[in-house]
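Participant: Have a look at the structure that comes next, please.
The values are calculated or read from the model by the stated rules, or taken from the named source; none is laboratory data. For clarity, every value in this text was computed on a predicted model and none was experimentally measured. Here the Cβ is made from the backbone with ideal geometry for all residues, glycine too, and neighbour counts use every protein chain on show. Surface accessibility is based on the protein's heavy atoms, side chains included, excluding ligands, DNA and RNA. Shrake-Rupley method; radii C 1.70, N 1.55, O 1.52, S 1.80 Å.
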Amino acid sequence: MTFHGKNPPDDRPIRSEYDELCLSLNMDKDTAQTAWQRYQDIKLKFTLEGNHLHWLTCALFVAGKQSRLPTVGEGIQVGNCISLSRLIKAANLSLIEFFNKIDKWIDMACLDEDFRGQINVIERNFEVVSVIYKNKFEPIFQHLFQSNVNDSVPRRKLRHSKICTYQQVFSYCWSLYLLIKGKYPDIRTDLVNSYHLLLCCIDLIYANIVVANRRDLLNPQLESDALVESESNSSPVSVIEYLCKRYEGISIEVKAIKQHLLWLYLENLFDKNHLRGNKKTFCGLLDQGNFDYNNKFVSNSYDEFVLSSGDFDERIFLGSNAYLDIGTPAKLPKAAHTTAEARQNVTRNLQDRFQNSTMIPQTPLTGRNFLNQKEERTPVSSATLSVGRLQALLAKWTVSPSNKLLAIFGDCSNDLLDIIQSRINELKETFYDSYTKIDDERSKSPIDFAENRWNLGIKLYYKTLESIILAEKRRNKTSGELKILLEKDVFHRSLLACCLEITIFSYGSQKTFPWIVQVFGLSHYYFYKVIEIVIRTEHGLPREVVKHLNYIEESILDHLAWVSGSPLFTASDNGLIAIPSYEEVCIPSNEEGHSNKPAITNIVHPQMRRLNPALAGPIESKGFPVAERYSSPMKKSIEARSITDAKDTSKPKRTGSLGLFFRKFYYLASVRLKDLCRSLHLGEDLTSKIWTCFEYSVMHCHELIIDRHLDQLLMCAIYVICKVSRKNTKFLEIKDCYNRQPQAKKHLYRNVLVRKRKGKSDNKSVESSRNSSPVSPPIIISGSTTIYQEQNETAMRSSSTLSQTPTPSCSDVDVENGELEDVRGDLVQFYNEVYLDAMKEFVLRFLPENGNSQVSGRHSVFVSIFGCDSPPLSPKPKMLYSFQESPDTILKDINDAVKQSERTGDKSKAFTARGRAKRAILQNDEPDILPKRSRQSEVLTKRLSNLTSDKEKVKRSQGE
């Protein structure tokens, strides 16, 4: 397939490869052209390192997913029916490498959250199937069965025998499992259900082999009579109990899936003559006259599923070159003479894919010193163990309130029970509808799954509610506050949502937080209030559940509570609260005389104290009434503050629910900041200044944190204080240290809100915003001196930019209608255009005396001694040139910028010479894009200086 049009000379080779790729895929013209144009747009803004065909593959995948094709009957086909596996195979791209690149492509193309969610679903499916195949399917199959002699016989001799071999049965079992799993979307992304379905399929194959008397396929070391039990007339033999006992399954749930899902699906296939065998016992699938037919149907049906869904083919694990197609480093070919660096890159790619997996919650920084050493378990084992513990915890509870709880309801109000039951019935219907919702054209999720999750959740709700009430009654003898608490609708909704979240997470489902919050229409701020209560009350929760709830609380503290419209901002008339300082919310006995040094103090988080009762810390809220948590944050905070100031100086100045929120918020910030400063080798004095800067930004510059993330403000505070303190710390170094924290997400510094715009605006405002670009670009040459162009009063702009060209904005502007969307960019753009303008006046207090000298009265060009960082305050991203490392085009651009400024006298045009330059997106797994001042460059600079001096001497001697 070829496309007409002129291409730049540089694009001709890659365009030729791209046309061949589209031709091999039989790609439709519209999708191919859309992908190519998007690639060209991204290429103008970013430096696309590596194989450009791989980036075009990402563009093709996005364009294919977003395409809409008409079908027969005036229908619309979503997607272009080209599977991900076929696409990446044609482009010679491994699956893990594709995931790494598509994440960056989403940030560069500024795709919406819905598309990011689609990618997350595909990645989640890959994680689930990878874990199940490697940790469960292969070991179980090899344990039950053995390879027979037919596997070594040439296939041409087996063609007429039609006897299935071990490898064929192995592939058939896996393909049948994938086909059934794909039929039900909730099973695909639910780790426990996926594993239990696998056990059902293995049990089915085992029964077929035993009934067919294929003893050559069974493992002779196992005593079959001890493994096989008669289950019913429909299933003559079964090994479910044995498999669950040996491989950590839950037999009750496996049998439920077998009866209500597997058998119903097989009956449907037999009724349609898609499968051949005994319909009553589901045996005979492997008989000589049936196997080829059945195997062909399963294979073709799964092919159709992959094409319709556009996902990757999960049979990729069965191929002989699976490690190459997937991108795993387990079997890198020795003959390829791969370098150590190449192997490390592949290993790093694999680790990056799984280290932040939701299947294995990361221990947060706030609890790493307090959690016991975890047991070495696979994700499947951890999930089944969590479900088992949850079921044991609730074994004696029912889906109705206990007699003790009914008596408490009766003491508070006559109609309280009716109100609670009415609310529960309403939420139950909402939960069922949302849990079984059809997200695509595939089958609806079985209602049994929703009912099972709800029953466990409602049992936990009543158990926890009773424990909370009894604890509150012991704390406060009066029933007034307890009655107020039980009448609060948001409290019950939050508590039930938290109990359902525990249940859903335990099963390894993808419908984890914030899914349940969105279903119940809850605010994240109110949901946060119940988390500590649940953990403090329920002592039998598994370790992984506690970590997950701690992750949710930190997510709410660091960004979800700061979104526009949050109750945190709607508590007052003007939409903003008076954010307290750390000194106001900290416990005085733990201040240690330093109100600005919480990052130096080790504070024990309440979630971790439950796992280690010997620990103690200043965030203890054991005596904090539950009812007060759900009162008005503004009103109660003011009342509590006035009472505290007058009576008790041993308590925090700001108490109440709002005081507790900010105490936890500052503690979380201090732990993360302390870790970053330690990794960056910043001393205590510098850490204290950074903390002061961060605290000021939160208290006095509310706009900086609204709709943004705590970590973004921390990284900006570190950079600006290091800048004014002449500490040679670059944004890339901060980013690398940040990526080592468990909560780190790359999109937090790749895709940052720069300006939030709503409604309509006139064209003049659009143009003025465009014309507010930086002036007088800094010009840096790494050598014996550093030359830069700046104005002294605006000296804090980022010089160690993560990109060396103007940062593109991720915004869609319709000038004609005046409709503007949010402007987004990377962290450096946010720092230069927003953060610095708000913080400049305050940060200048930390600025030492300026030791820079101006070299010319005609130009704003200054010189600083080499060895120090570039002057701490520079107006805009610098044009940095490093000998032996930077391309010569940068040096040419520097000269052009100076000449342009001299010729026109217009500083605003000095940076336009680099207007078409490319920038490299923030990446963790690619080399540092900044030129580094190495000792080698210093030596080279010295040699060049000596050479220039020698040339001058020769010229003078010749002139004489």
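Participant: For segment 282-303, enumerate the residues that are part of a loop (DSSP other than H, G, I, E, B) and farther than 12 Å from residue 176 by Cα.
Facilitator: Within segment 282-303, 282, 284, 286, 287, 288, 289, 290 qualify.
Participant: Moving to a separate point now. Output yes when any residue across segment 189-207 is open to solvent by less than 10 Å² (accessible area, probe 1.4 Å), in contact (Cβ under 8 Å) with a residue 60 or more places away in the chain and of a type in the set (D, E, K, R), and no when none is.
Facilitator: Looking through segment 189-207, at least one residue is open to solvent by less than 10 Å² (accessible area, probe 1.4 Å), in contact (Cβ under 8 Å) with a residue 60 or more places away in the chain and of a type in the set (D, E, K, R).
Participant: Please specify each residue of segment 477-532 satisfying the condition of being without any contact (Cβ under 8 Å) to a residue 24 or more places away in the chain and of a type in the set (Ser, Thr, Tyr).
Facilitator: 478
Participant: Please give the helices (runs of 4 or more DSSP H) falling wholly within segment 34-139 in which 2 or more residues are within 24 Å of the chain's Cα centre (by Cα), in the same structural domain as residue 13 (by the TED database) and at pLDDT 90 or above.
Facilitator: Answer list for segment 34-139: 52-66, 95-109.
Participant: Residue check: is residue 325 at pLDDT below 90 and not in a helix (DSSP H, G or I)?
Facilitator: It is false that residue 325 is at pLDDT below 90 and not in a helix (DSSP H, G or I).
Participant: Of all residues in segment 304-322, which are under 14 Å from residue 183 (Cα atoms), modelled with pLDDT under 85 and either surrounded by 17 or more Cβ atoms within 10 Å (Cβ to Cβ) or of a type in the set (Val, Ile, Thr) (or both)?
Facilitator: 308, 309, 311
Participant: Here is a check on your reading of the model: is residue 766 open to solvent by less than 10 Å² (accessible area, probe 1.4 Å), assigned to a helix (DSSP H, G or I), farther than 19 Å from residue 554 by Cα and modelled with pLDDT under 90?
Facilitator: Answer is yes for this residue.
Participant: Out of 726, 708, 755, I need the residue that is in contact with a Leu (Cβ under 8 Å, 6 or more places away or on another chain) and charged (D, E, K, R). Which one?
Facilitator: 708
Participant: Which of the residues that make up segment 529-566 are open to solvent by 10 Å² or more (accessible area, probe 1.4 Å) and aromatic (Phe, Trp, Tyr)?
Facilitator: The one that is open to solvent by 10 Å² or more (accessible area, probe 1.4 Å) and aromatic (Phe, Trp, Tyr): 551.
Participant: Which residue pairs have Cβ atoms closer than 8 Å, lie 6 or more positions apart in sequence or on different chains, and pair a first residue in segment 460-473 that is in the same structural domain as residue 535 (by the TED database) with a second residue that is of a type in the set (Lys, Arg)?
Facilitator: 466/404
Participant: Additional query: Mind listing just one residue for me: the one in segment 254-303 that is closer than 25 Å to residue 314 by Cα and of a type in the set (Ser, Thr, Tyr) and, of those, least open to solvent (accessible area, probe 1.4 Å)?
Facilitator: Among those residues, the one meeting the criterion is 302.
Participant: May I pose another question? Across segment 186-238, what is the total count of residues that are part of a loop (DSSP other than H, G, I, E, B) and either of a type in the set (A, V, I, L, M) or modelled with pLDDT under 85 (or both)?
Facilitator: The number of residues fulfilling the criteria is 14.
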